[in-house]
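Here is the structure we will look at, set down as C-alpha cells.
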Amino acid sequence: MEHLQRADVFILTRTGHGTNLLIVNYLKKKFGAKPAFPSEHVPESLVLPNLGQTYDPEFLRGKRVVGSQESQKPEGFRDTLINVGAEIVLFKRF
C-alpha cells in the first residue's frame, strides 16, 4: 500500500454502489486530501454489428439470453446482463 502514496489522484473502476463510500473514506483517511474518483461500467448501447443494428440496453429486459465471456472475471458481464433485466438461461466462461 505504500506505493499508493506516490499517486496524485485515485481512479477506481468497477467499485459498485456499496463499496464506493467505504473505499473513498479509507483513501481519505490513509492518504489525506488526494481526490478519488469511483466509477462504474454502464452499458450505453447494444450493438449487433452483423445486422448493422443498435439498441438501447433496455432492449434486453425480459429477454432470455445466453452469455459468454473470455476473461478471468466474467462476473462483470454477467452482472451487466442482470442489471439491464435480461434473463440468463446459460452463461459460459471460456
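Nothing in this text is a laboratory measurement; each read-out follows from the coordinates by a stated rule. Computed from a predicted model, the values in this text were never measured in an experiment. Counting neighbours? That spans all protein chains shown, and the Cβs are built from the backbone with ideal geometry, glycine included.
Miscellaneous remarks
- Only a single criterion out of (1) under 25 Å from Glu75 (Cβ atoms); (2) surrounded by 11 or more Cβ atoms within 10 Å (Cβ to Cβ) is not satisfied by Ile11, namely (2).
- All told, Pro57 falls short of being in contact with a helix residue (DSSP H, G or I) (Cβ under 6 Å, 6 or more places away or on another chain) and either surrounded by 11 or more Cβ atoms within 10 Å (Cβ to Cβ) or within 23 Å of Ile23 (Cα to Cα) (or both).
- Filter result for Lys73 (within 30 Å of Arg6 (Cα to Cα), of a type outside the set (Asp, Glu) and surrounded by fewer than 13 Cβ atoms within 10 Å (Cβ to Cβ)): yes
- Elements of the type strands (runs of 3 or more DSSP E) sitting completely within segment 28-76 and holding at least 3 residues that are closer than 20 Å to Ile88 by Cβ: these cover 46-48, 64-69.
- The residue of segment 77-94 that is surrounded by the fewest Cβ atoms within 10 Å (Cβ to Cβ), among those that are outside any helix (DSSP H, G or I) and of a type outside the set (Val, Ile, Thr), is Phe94.
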